[in-house]
Amino acid sequence: MFMSEARSPTGPILYRGKAKTIYGTDRPDQVLIFFRDDITAGNGRKRAEIPGKGMLNSRISALLFAELERAGVATHFLEEREPGVMLARAVRIVPLEVVVRNRAAGSLSQRLGLPEGEPLSRPVVEHYYKRDDLGDPLINRDHIRVLGIASDDVVDRMEAVARRVNEILSARFARAGLVLVDFKLEFGLAGGELVVADELSPDTMRVWDAESGRRLDKDRFRRGWGGVLEGYEEIWRRLQES
């Protein structure tokens with residue numbers, strides 16, 4: 001059980017997000033990512049601190065990034081320096097979040113009137129403009145072109161990679177008796193190469209028990225159900241054991 005926050009790295013702080021802090025290193029092409037115990041929902045309107053959550057997210061992210069790398073998907077991940085601290089390639093983040101959905105849940109269920117948990121006939125890929133001040137709105141291809149966020153070629157590649165990531169991670173979770181309901185990906189450019197970046201954790205995905213449908217992810221915090229750390233710990237344990 002993880003009961004305390006990892007030691008924060010030394011070095012210049014390059015960026016502080018809602019739940020992670022990015023530190024510079026002695027190499028300009030590498031950064032240290034510190035996973036804090038902060039947890040937020042509703043674009044930061046709901047906040048709390050859950051001791052041990054940062055280390056769990058770091059460990060799960062490292063495991064899943066390594067899984068993608070073995071399958072030939074380029075990521076920013078280099079190594080886990082210690083629980084809670086990840087060494088990664090320095091990237092320029094594309095301000096476009098890619099969400100892949102396998103079942104109706106959350107905002108998709110609300111928008112389309114589908115019951116939560118209903119399997120989709122095919123994975124749905126959505127794009128969100130990465131702008132906290134606008135609430136990270138859902139946007140389409142024409143919006144992306146008007147905003148000049150990314151070229152059609154880059155968006156095509158992001159979508160293709162996201163679908164491949166979905167195949168890899170869905171199979172990985174299935175082996176652990178878990179269902180990957182949906183997840184968010186962020187991408188960055190490292191030396192001109194498009195790579196999967198940010199994190200792969202219960203903060204950025206919905207994960208349910210395959211038999212009972214019990215939810216083990218950040219929805220426990222969003223909806224005030226409690227037991228957030230216990231859910232994250234179960235995901236980590238089952239991924240390790242499978």
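Only one of Ala176, Ala190 is at pLDDT 95 or above, among the small types (Gly, Ala, Ser) and farther than 22 Å from Leu78 by Cβ. Can you tell me which?
Ala176
With the requirement that a residue be assigned to a loop (DSSP other than H, G, I, E, B) and touching a residue at least 24 places away in the same chain (Cβ under 8 Å), what does the stretch 41-65 give you?
Matches in the stretch 41-65: Gly42, Asn43, Gly44, Ile50, Pro51, Gly52.
Among the numbered criteria (1) farther than 25 Å from Glu49 by Cα; (2) touching a residue at least 60 places away in the same chain (Cβ under 8 Å); (3) not in a strand (DSSP E or B), which one does Ser212 miss?
(2)
Condition (residue is over 30 Å from Ile22 (Cα atoms), out of contact with any strand residue (DSSP E or B) (no Cβ under 9 Å at 6 or more places or on another chain) and not in a loop (DSSP other than H, G, I, E, B)) applied to the stretch 89-108: is it met by at least one residue?
Within the stretch 89-108, none of the residues are over 30 Å from Ile22 (Cα atoms), out of contact with any strand residue (DSSP E or B) (no Cβ under 9 Å at 6 or more places or on another chain) and not in a loop (DSSP other than H, G, I, E, B).
Kindly indicate whether any position in the stretch 224-237 is within 15 Å of the chain's Cα centre (by Cα) and of a type in the set (Phe, Trp, Tyr).
For the stretch 224-237, residues within 15 Å of the chain's Cα centre (by Cα) and of a type in the set (Phe, Trp, Tyr): present.
Residue-by-condition table, conditions (1) closer than 24 Å to Arg223 by Cα; (2) touching a Leu at 6+ places or on another chain (Cβ under 9 Å); (3) modelled with pLDDT under 95:
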residue: Ala88; (1), (2), (3): no, yes, no
residue: Val91; (1), (2), (3): no, yes, no
residue: Arg101; (1), (2), (3): yes, yes, no
residue: Gly106; (1), (2), (3): yes, no, no
residue: Gly113; (1), (2), (3): yes, no, no
residue: Glu116; (1), (2), (3): yes, no, no
residue: Pro119; (1), (2), (3): yes, no, no
residue: Glu126; (1), (2), (3): yes, yes, no
residue: Lys130; (1), (2), (3): yes, yes, no
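For the stretch 17-60, enumerate the residues that are surrounded by fewer than 13 Cβ atoms within 10 Å (Cβ to Cβ) and under 21 Å from Gly188 (Cα atoms).
Selection gives Asp26, Arg27, Pro28, Asp29.
Within the stretch 116-148, how many residues turn out to be in contact with a helix residue (DSSP H, G or I) (Cβ under 8 Å, 6 or more places away or on another chain) and closer than 14 Å to Val94 by Cα?
Qualifying residue count for the region: 4.
When the stretch 83-115 is examined, which residues are found to be without any contact (Cβ under 8 Å) to a residue 60 or more places away in the chain and under 20 Å from Met158 (Cα atoms)?
Scanning the stretch 83-115 gives a single hit, Pro95.
When the residues of the stretch 207-235 are narrowed to those that are touching a Lys or Arg at 6+ places or on another chain (Cβ under 7 Å) and under 21 Å from Glu126 (Cα atoms), which ends up surrounded by the most Cβ atoms within 10 Å (Cβ to Cβ)?
The selected residue is Asp217.
Just the residues that are surrounded by fewer than 18 Cβ atoms within 10 Å (Cβ to Cβ) and either without any contact (Cβ under 8 Å) to a residue 40 or more places away in the chain or assigned to a helix (DSSP H, G or I) (or both), please, taken from the stretch 171-180.
Residues satisfying the conditions are Ala171, Ala174, Arg175.
Between Leu78, Leu68, which is in a helix (DSSP H, G or I), among the aliphatic types (A, V, I, L, M) and within 26 Å of Leu180 (Cβ to Cβ)?
The match here is Leu68.
The values are calculated or read from the model by the stated rules, or taken from the named source; none is laboratory data. These numbers were taken from a predicted model, which means no experiment stands behind them. Cβ: placed from backbone, ideal geometry, glycine included. Neighbour counts: every protein chain shown.
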